[in-house]
Structure formats: C-alpha cells, structure tokens
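What follows is a single structure, and I will ask about it in a moment.
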Amino acid sequence: MNRILGLVLILPLLLVAGCSLKRAENNAPVNSSKTKGSPDLPKVVNNDRRLVIQDAFSLEAPANWLESPALMPGISLMMVNSTETSTRPEVKRINFKSYFSVSYATLNDKTLTEYTLDLKKKLTDMVAGISFQDLEPMVIDGREAQVFMADLTQQGVDFKLLMFVAAGADKDVWMISFNTLASSLSDYQTLFTSIATSFRVK
C-alpha cells in the first residue's frame, strides 16, 4: 500500500527529462500481452484512439500518447502525451508533459470508500499543501469507482491530479491517475474521464 501511494505522489511531481518514451514497433499495442492468433496491430477505436492491452486490463488511449518507463516499480502502465509543449519557463525546465498511470493494490478489509479516504489521508501526510475535491462516484467496468481531484504545487508549478479509484474483482482495487498542469485541466478532463471509463479488467 505505501509503495503504491509513493508512486501516486512521486510521478506527478518528478516526470522530467530522462524519462524516455518508447514507441512500439510497427504501432504494436503498448506493452501488450499477445495471445495465440492475436493481430500484430492494435485495434483502432477511431482515428484518434487505440486499444491498449495489458496482462490484467485494457483501456482506450489517445493514438499519440506513448508508453514511458515508470520511475518506480509497481506501475502497470504509464503513458505520456508526447506532443504536448509549453512555453512557460518553469514547465520547460522540468520537461513536464501530461500523462496517466495505472496501478494496482488490494482493499484488504476496507470498503472502497474507506480505502479512498485512507489514500487521501496518506497523500495529505506526504505532500504539503495538497487539497482535494471529491467528484461524483461513477461506474467503471460495471463496478463502483470513487473519483477525486487534487491540487498541488511543486518546483513552482501548479498541478492537477484526477484520480479514479476503481473496484476490481474480489478485493482488488485499481488506481487510474491523470496528471496535468492546473491551467490545462479544462482541456483534458473530458479525455481523462473517457480513458478511465474505458478501463476493463480481464
């Protein structure tokens, strides 16, 4: 649990130059898990989207977002908007680009609501000045999902974190974390929600 929390926190703050992006050969599914007879090319959802298939889940991602190696172990998937640019010196200095990550944990004896409250408490303990806004719960892959937004400032840059905490099978829980500049959230929120609601557990 603590390792997952550390990932959730560190990634929005430390995505800097040196996090190289990996283009899949021949546009193959990013870090995909192939089965016998599966095609070499990803399923194209539309001109702007493709289906990203992992061992335990799948989701629809923008076609121009690329997989990036996670900064720490425990992240199942991390994808970055490779085409995003900023003219702001403080953003260029850390080479931040909007991205999302998917991580996994277990509820143990907690309900999803209790788990989410505990997650926010630990985030508060770890990041000075972070604040939260609860959004309406939703259904992802037929299961309950808690949703919240966080505001935080690091290295002189204001960030927004949009977090979907979704129940999986049994006591599994999946965290889909979207991270962008505070000034860019209005441009991305519909896209982020669309990606999250496309999430399917195998």
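Every number here is computed from the coordinates shown, using simple stated rules; none is lab data. If you're wondering where the values come from, they're calculated on a predicted model, not measured in any experiment. Positions of Cβ are backbone-derived with ideal geometry, glycine not excepted, and every protein chain shown enters the neighbour counts.
Long-range amide H contacts for S198: which residues qualify at under 5 Å (H placed 1.01 Å from N, peptide plane, sequence gap of 5 or more or a different chain)?
Under 5 Å from the amide H of S198 lie the amide H atoms of E60, each far enough along the sequence or on another chain.
How would you order 163-175, 180-192 from highest to lowest mean count of nearby Cβ atoms within 10 Å?
Working: 163-175: 19.5, 180-192: 16.2.
Top to bottom by mean Cβ count within 10 Å: 163-175, 180-192.
Can you tell me, using C-alpha contacts under 8 Å and at least 6 residues apart, the relative contact order of segment 117-202 as a whole percent?
22 percent
What is the sum of charges, Lys and Arg at +1 and Asp and Glu at -1, for the other residues whose Cβ falls under 13 Å from the Cβ of Q146? The partial results should precede the final answer.
Working: positive: K110, K120, R143; negative: E114, D118, D134, E136, E144.
With Lys, Arg at +1 and Asp, Glu at -1, the net is -2.
Here is the link list: K92/K120; K121/K171; K122/K171; K122/K160; K171/K202; K120/K202. Which ones come out longer than 25 Å on Cα distance? Before the final figure, lay out each step's value.
Working: K92/K120 29 Å; K121/K171 21 Å; K122/K171 20 Å; K122/K160 17 Å; K171/K202 15 Å; K120/K202 27 Å.
Exceeds cut-off: K92/K120; K120/K202.
Tell me which residues come under 5 Å, amide H to amide H, from E84 once H is placed; ignore anything under 5 positions away on its chain.
Excluding prolines and chain starts, which carry no amide H, there are no hits.
Here is a follow-up. How far apart, in nm, are the 7 Å Cα→Cβ label points at R88 and Q189?
Calculated label separation equals 1.7 nm.
Also, quick follow-up: Within the set of other residues whose C-beta is less than 12 Å from the C-beta of K160, count the net charge using Lys and Arg as +1 and Asp and Glu as -1. Show your work: numbers first, answer last.
On the way: positive: none; negative: D151, D158, D187.
So the surrounding residues net to -3.
Further question: Please compute the length gained on full extension between A182 and V139, using 0.36 nm multiplied by the number of residues separating them and subtracting their Cα-Cα distance.
Numbers: separation 43, 0.36 × 43 = 15.48 nm, distance 2.55 nm.
Roughly 12.9 nm would be gained on extension.
Here is a further query. Tell me, what HN-Hα J-couplings in whole Hz come from the Karplus equation 6.51 cos²θ - 1.76 cosθ + 1.60 at θ = phi - 60° for each residue of segment 142-153, using x for Gly and Pro?
Along segment 142-153, the couplings run x, 10, 5, 9, 8, 10, 8, 10, 10, 10, 8, 10 Hz.
When the Karplus curve 6.51 cos²θ - 1.76 cosθ + 1.60 is applied with θ = phi - 60°, which whole-Hz ³J(HN,Hα) does each residue of segment 154-161 get, with x for Gly and Pro?
Result, ordered by residue: 9, 6, x, 10, 8, 10, 10, 10 Hz.
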